[in-house]
Structures are given as C-alpha cells and as structure tokens.
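K.L.:
Structure in structure tokens, see below.
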Amino acid sequence: MDLLGPLFEAFSLPFMARALAVLVVLSLVAGVVGVLVNLRGLEFISDGLTHAVFPGIAIGFVWGGRDGLFAGAMIAAVLSAVVLTLLVRRAVTSDAAIAIVLTAMFSIGIIVVSRDSDYAGQLEQLLFGRLLTVTGAEVVKTIVICVIALLLVVLTLKEQLFRAFDRTGSAAAGYRPLLLDLVLNVAIALVVVAASSAVGNLLVLAVLIVPGAVARLVTVRLWVLFPVAAAFAALAAWVGLAIGFEASVGGGVDLPSGATVVLVLVAGYAVALLARLTIDRVRRGGSLGRGAPVTRERATRAWSMSAQVAHETDAAGKDAAGDGHADHGHADHGAGR
Amino acid sequence: MHENLSQQQPDQRPGQPNQLQARSNAPAVLTVDAASFAYEQKPALENVSFDIRPGEAIALIGPNGSGKSTLLKGILGLISTVAGSVRVLGEETPPAGSIGYVPQGGELDPEFPASLEQVVMMGRYRGLGWLRLPGRTDRRAVGDALDAVGLAHRAKNRFGELSGGQQQRGLLARAIASGPRLLLLDEPFNGLDQKNRDALIGTIERLKADGVAILVSTHDLELARAVCDCVLLLNGGQVAFGPLDTALTLDNVQEAFREVGVEMDEHTLVVPGHEGH
C-alpha cells in the first residue's frame, strides 16, 4: 500500500491544487508575521483583530458577495489595525475594554450577516472558511494581499525585531513606536483577511499563532525562526488538506478542510512541545544547559492559545456535522469532484 | 555633621579623574536649560539646568523616584519636555545616532532568541536606515564594540544566557556600536559583581578618553567619584550641579536623600573616609 500516495494524488484535482496554493502562500506569510506576533507577545491583539475584521468581511460579503468580501475585509482590516494600535498605545483602556470593543465588532458582523436569507450557511462560511471552493480569482487576491503583508514586515524586519527585544531601546534609538506598531498590526490584519476565506475568521488565529510558537520551541536562533515557522505552516497545510481529502473520499468521514489543517497545526505544536520538554530534561540531566528551556509561562501562553484554537476547531467540526450545516461540510469536500 | 565630603582625602586610584581640573571650553554635547518633564501632563521632574561637554562624565544621583530615569528619558525624547529646553549638539531634535542609551538591567525578556552579537548589531540599525542590511563595516563596528567591553568571546552566546553584568556590558556595547557622541547609562552598576564593575568602569574611562560625553545615573557615590567629573543631584528637581568637589557636599546629599535617610547613610558609608559614619 502506498502511504505517501494520498499526500500527492489529491492535488491533481484543480480545486485541491487551488486550496493548496492558497494555504501555502498563506502559511509562508503567516509564518513570518507569526514569529513577530510571538516575539512581541501580540497574541491577544491578533485575536482581537480577527474579531474586529469580521464586520468588514460580513459587510463586503453581504453587499458584494464573494467578490466584495476582500474589499470590505481590507477596509475593515486597515481601520481595525489603526484603531487597535491607537487604543493600545493610549493605554487609557484595559484588556477588558479592548475585549468589549472587539466582541461588539464581532456582534455587528453577525447582525450584518443575519440580514442575508441564507444566514446560517453564510455565517458558517465566514467563520470556518470554504477552502475547497476557492476560485482562481480568489487565489490571486489572496496572493496579492499576502505579498503586501509580507512586504510590510520584511521591509521593517530589523526594526521590528529591535522593538520586540527592547521597546525603550528602540524608541531611544529614534524609531517611532506608533509607526512600527501600525505597520505590524496592519500586516497581521491583512493576513487575517487573506486567511478568512480559506480557513475562516475563527480559525485564522491558529495560522498566525501556532507556527511562530512551534518555531520558538524548535530553535533559539533568531533568523532561523522565520523559515522554520513558514515551513512548518506550509507542511501542516499540505498534510492537513491531504488528510481531510483522504478521510472524506477514502474513509467516508467528512472532515472540514480548514479545521483539519488547524488540528494538524495544533498536533504539530503538541509534538514540538513534548520534544522540547524531553530534550530540556535530558540536557538538564547531562548539564549541557543549551537552548531555551520551556518556561511554565511560555508553555502555558502558547498552549492556552492552542487550546482556544482547538476549541474553536471542535466547534467548527460540530457545526459541520450538525443538521443545519452538514450540507456545507459536504459541499466543501464535494466541490469539484 | 554637615561637613563637606570633598574635604575628606579622596581615595586616589589609577584612572581617577582630577576633580579640581577645570571643565573644558569645548561646545556642549548636551545642554539642558530650565527643563521640566512630565508623564501624561503629570510633572515628574522640574527646573533642571546643566550641560555636558565632550569627554566629561556626569553622575546623576538621587533616591528612587527622584527623576533620574525621567531625565534620561526626557533627553531621549521619550517623555515630554513641558518647560525649558533640551539640546543635543545644539539641536532640539537629536541627530540620528548621536545618543547611545543603556537601560536598566532586568527589563528585557531573557528568553528572547537573539545572540549577543545580534543585540549589539541593533545599535547599528539606525545608521543603516530602513532598507539596508548590515554589511562588513557594521560587523566590524560590532566586533570593536564587543572588544571594548571585553565580551568578544561571548559574541555567539544567546543574550539571555549571559549573567546580569555581562548583559549590561552587552547593552553598553550596543550603545557604543552606534558611535554616539552622548551616552546615557541608567543605573548600569546595579547588581554587578566586582569584576563586571571594574570592566564597566574601564570601558567608561576609555569612552571618555575618546571624547564621548557620558551621563550615568547611580546610587553609588564611590563609583561616581571613580568615573565622573561632575555630579547632578536630583530629588524631583535639581538639588545641585557642579564638579564633584563643590557639588557633592554632605548638605547636598542630605537634601537629595531627605526622605530616605537610611539610604543616605548607606551611601555615606561608601564614600572614602566616611566608613562608619
């Protein structure tokens, strides 16, 4: 039996190839941006941005259909990034206040979507993605948005790293914190937009957070973090898509593709965490003392984000398997057959 | 009781500045004129006036909360100057790369995955501009800065793995690598062992000899005597400024530390000739 066959055969189908293209591009960019999110500890703001962008996605979708989704989302993304950056910078508000604003934004998005006659179906698509029905035009739009996000980060990468390491030192050197924060938050928001049509608004967080967290577990070399995160994300996307396809076609188990990819990401994180803990234990025993040991805070922070993602993924799976949503789950994997 | 500390016999050491030497006539690197600073419009330090010239070192002395860090951040433009003026090399906006800054130890993430060499390279970024990557000249400057602080052999080590004293010297190397005319050191001697203190003092003396102006906040009067020409005593405002032998009097020290007498006793103990007081 050819075990590797499913990893390649599925992608001879055009809709699977398009899904892979979207995810690989997304993974490469989200990996790079995600490392900065990890180094800056911006997981909460990233989570907030995914919620804040949602009304824009919803308005664009309701007014312009799938073609309008990107335009609405882009406008909402940039606005949300600017507002959030200013909100955090002003420091006149607590995390709770930010959370209130963001959940309010999310609610606005749901109200907007609820005006559509196919409310449940549209909402599910926006929240959990529709990876296998992505069109060629959407692939191009995703690539363009990803390239913009990548350029924003790459062109300011050394300055972003300086700020991530030493906020005061960076400002003292003459860098404007507001400008750097705006650039990074807009890049994060653009990744959210690019990923929303593929893995959905709720699962975007996994694509942003998990690869960077895995890279931190794998290496302590600064410039190696970026290729490791990008490669891990791309690999997880490939394997997740193949598993989803094989389970759906070969095993008769209908797995939502976006959620499957996210679960593969989280599983990869769990493996990396276990490996890191084991290596740390062995090294402590051998007194080698190299590498960055996993502290309780670091592991807890990354694991809690993974748990949140896994919870949302579980919700996605349940929704797809539920009475009202089962058809969409089938449609996802059935498209293009 | 209010005797002049400078009347005590100073503990002369190799490299110790001549405290009676007149200040140079060179143009000031930094001029602070009746400046007041505030956080979010809340006054933090008021009416400070002093200047510093090439090759001089000034000790900022005062209890916790007296405004030492506030002054350094005000000079850097990180907090608002609400009155008076701060000029670096004659400009209200400091020329890029003219100021090197070494923050207090312990403020940085020890798990950040950067090597010492990469941290020091950050000092070169401002001069490089946004789009250029470090080249051979920058790598040489980083190597020279690491040599200057005696840490060239630790260049590849992860920054967080270094001891507190080595991290402090590493941050000094980062500041040196930027080629500053003015160096601001915020409590650089806190928590350092004797070896790292000696190394830091040696580096400061070499920088002074190269014409770098240095402003260093410290609680330690002995260290102020060892490396500084002038002293600026603070306690929410300016208590005194001038050469050590005229400004570092027991009256002035008591005035600066008036709310923390115990700390003042602690500091008096480290002044040569005052052990046991």
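The values are calculated or read from the model by the stated rules, or taken from the named source; none is laboratory data. A quick note: this is a predicted structure, and the numbers were derived from the prediction, not measured. Note that we place each Cβ from the backbone using ideal geometry, even for glycine, and neighbour counts take in every protein chain shown. Please note that ligands, DNA and RNA were not included when accessible areas were found on the heavy atoms of the full protein model with its side chains. Shrake-Rupley method; radii C 1.70, N 1.55, O 1.52, S 1.80 Å.
K.L.:
Could you give the nm distance between label points at B:LYS156 and A:LEU179, where each point is 7 Å from its Cα heading toward the beta carbon?
P.N.:
Between B:LYS156 and A:LEU179, the label points sit 3.6 nm apart.
K.L.:
Could you check the simple spin-label distance between A:ALA231 and A:ARG115, using points 7 Å along Cα→Cβ, in nm with one decimal?
P.N.:
Once both label points are built, they end up 4.8 nm from each other.
K.L.:
Ranked by accessible surface with a 1.4 Å probe, highest first, in what order do B:ARG139, B:ARG87 come? Before the final figure, lay out each step's value.
P.N.:
Details: B:ARG139 140, B:ARG87 95 Å².
Ranked list, largest accessible area first: B:ARG139, B:ARG87.
K.L.:
Moving on. In the structure shown, do any of A:LYS158/B:LYS42; B:LYS73/B:LYS156; B:LYS156/B:LYS195; A:LYS158/B:LYS208 have a Cα-Cα gap over 28 Å, and if so which? Kindly include the intermediate steps, with their values, before the conclusion.
P.N.:
Working: A:LYS158/B:LYS42 34 Å; B:LYS73/B:LYS156 31 Å; B:LYS156/B:LYS195 21 Å; A:LYS158/B:LYS208 30 Å.
Checking Cα-Cα distances, A:LYS158/B:LYS42; B:LYS73/B:LYS156; A:LYS158/B:LYS208 exceed 28 Å.
K.L.:
Name the residues of the range A:184-222 whose amide N is less than 18 Å from a point 7 angstrom out from the Cα of A:ALA267 along the C-beta direction?
P.N.:
Under 18 Å, as judged by backbone N against the label point of A:ALA267, lie A:206-207, A:210-211, A:214 of the range A:184-222.
K.L.:
Once chain B is represented by equal point scatterers at the alpha-carbon sites, with solvent omitted, what log10 I(q)/I(0) does the Debye formula produce at q = 0.08, 0.16 Å⁻¹?
P.N.:
Ignoring solvent entirely, the Cα scatterers give -0.32, -1.30.
K.L.:
Turning to a different aspect of this structure: Please turn the phi angles of the range A:32-40 into ³J(HN,Hα) values with the Karplus equation 6.51 cos²θ - 1.76 cosθ + 1.60 (θ = phi - 60°), one per residue in order, whole Hz, x for glycine and proline.
P.N.:
3J(HN,Hα) across the range A:32-40, in whole Hz: 5, 5, x, 4, 5, 4, 5, 5, 8.
K.L.:
For the range A:9-106, I need the span (max minus min coordinate) of the C-alpha atoms along each principal axis, in Å, sorted largest to smallest.
P.N.:
Dimensions of the range A:9-106 along the principal axes of its Cα atoms: 53, 36, 17 Å.
K.L.:
Can you sort A:ILE57, A:ILE148, A:ILE111 by 1.4 Å-probe accessible area, starting with the largest?
P.N.:
Values: A:ILE57 0, A:ILE148 70, A:ILE111 105 Å².
My answer, sorted largest first, is A:ILE111, A:ILE148, A:ILE57.
K.L.:
For all pairs of alpha-carbon atoms in the range A:233-281, what percent lies in each bin of width 10 Å, listed from the first bin to the last filled one?
P.N.:
29, 40, 21, 9, 1
K.L.:
Using the Cα centre as the reference, give the magnitude of the dipole from point charges on the C-beta atoms of chain B (Lys, Arg: +1; Asp, Glu: -1; all else neutral), rounded to the nearest 20 debye.
P.N.:
Details: 25 positive and 34 negative charges, 288 e Å.
So the magnitude is around 1380 debye.
K.L.:
What base-10 log of the normalised intensity I(q)/I(0) is obtained for the range B:130-235 from the Debye formula, alpha carbons as equal point scatterers, at q = 0.17, 0.18 Å⁻¹?
P.N.:
-0.82, -0.91
K.L.:
Please give the contour-minus-distance gain from A:ALA96 to A:ARG221: 0.36 nm per residue of separation, less the Cα-Cα distance, rounded to one decimal in nm.
P.N.:
Values: separation 125, 0.36 × 125 = 45.00 nm, distance 3.47 nm.
That pair, A:ALA96 and A:ARG221, stretches by 41.5 nm at full extension.
K.L.:
Right, here's the next one. Relative to 2.2 N^0.38 Å, what does the C-alpha radius of gyration of the range A:164-220 come to as a ratio? Two decimals please.
P.N.:
Details: Rg = 14.6 Å, N = 57, 2.2 N^0.38 = 10.2 Å.
Normalised Cα radius of gyration, the range A:164-220: 1.43.
K.L.:
Please compute the Cα-Cα pair-distance distribution of the range B:49-176 with 5 Å bins starting at 0, giving whole percents from short to long.
P.N.:
2, 9, 17, 19, 18, 17, 11, 5, 1, 0
K.L.:
So the label point goes 7 Å from the Cα of B:ARG206 along Cα→C-beta, right? Which residues of the range B:128-147 then have their backbone N under 16 Å from it?
P.N.:
Residues passing the 16 Å test: B:140-147.
K.L.:
For the modelled label position 7 Å from the Cα of B:ASP33 along Cα-to-Cβ, which residues of the range B:79-94 have backbone nitrogen atoms closer than 20 Å?
P.N.:
B:80-94
K.L.:
Got a sec to turn the phi values of the range A:156-169 into Karplus ³J(HN,Hα) couplings, 6.51 cos²θ - 1.76 cosθ + 1.60 with θ = phi - 60°, whole Hz, x for Gly and Pro?
P.N.:
10, 4, 5, 5, 5, 5, 4, 5, 5, 7, 8, 4, 5, x
K.L.:
Let me ask another. At q = 0.10, 0.15, 0.16 Å⁻¹, what is the base-10 log of I(q)/I(0) for the range A:176-295 according to the Debye formula with one equal point scatterer per Cα and no solvent? Please give it to two decimals.
P.N.:
For the range A:176-295 at q = 0.10, 0.15, 0.16 Å⁻¹, log10 I(q)/I(0) is -0.41, -0.79, -0.86.
K.L.:
Chains B and A: buried accessible surface, both sides, probe 1.4 Å, rounded to 100 Å²? Show your work: numbers first, answer last.
P.N.:
Working: alone 13280 and 15110 Å², together 25870 Å².
Approximately 2500 Å² gets buried when B meets A.
K.L.:
Treat each spin label as a single point 7 Å out from the Cα along the C-beta direction, and report the B:LYS195 to A:SER12 distance in nm.
P.N.:
Simple spin-label model gives 6.6 nm for this pair.
K.L.:
May I ask you to give the solvent-accessible area per residue for the range B:170-236, in square angstrom, as obtained with a 1.4 angstrom probe?
P.N.:
Values: 1820 Å² over 67 residues.
On a per-residue basis, the range B:170-236 sits at 27 Å².
K.L.:
Using square roots of five times the C-alpha gyration tensor eigenvalues, list the equivalent-ellipsoid semi-axes of the range B:74-138 in whole Å, biggest first. Don't skip to the answer; put the middle values down first.
P.N.:
Numbers: eigenvalues 144, 68, 15 Å².
The equivalent ellipsoid of the range B:74-138 has semi-axes of 27, 18, 9 Å.
K.L.:
Across the range A:192-198, in residue order, what do the Karplus-derived ³J(HN,Hα) couplings come to in whole Hz, using 6.51 cos²θ - 1.76 cosθ + 1.60 with θ = phi - 60° and x for Gly and Pro?
P.N.:
Karplus values, whole Hz, x for Gly and Pro: 4, 4, 4, 7, 4, 6, 8.
K.L.:
Could you order B:GLU40, B:GLU255 by accessible surface area, starting with the largest, using a probe radius of 1.4 Å?
P.N.:
Working: B:GLU40 160, B:GLU255 85 Å².
Descending accessible area places them as B:GLU40, B:GLU255.
K.L.:
Using a 1.4 Å probe on the protein heavy atoms, what percent of the accessible area of the range B:94-156 belongs to carbon and sulfur? Don't jump to the answer; show the numbers that get you there.
P.N.:
Working: 1530 of 3030 Å².
Answer for the range B:94-156: carbon and sulfur cover 51 percent of the accessible area.
K.L.:
Can you list the equivalent-ellipsoid semi-axes of the range A:105-254, largest first and in whole Å, using the square root of 5 times each Cα gyration tensor eigenvalue? Write down the numbers at each step before the final one.
P.N.:
Values: eigenvalues 213, 94, 34 Å².
That gives 33, 22, 13 Å for the three semi-axes.
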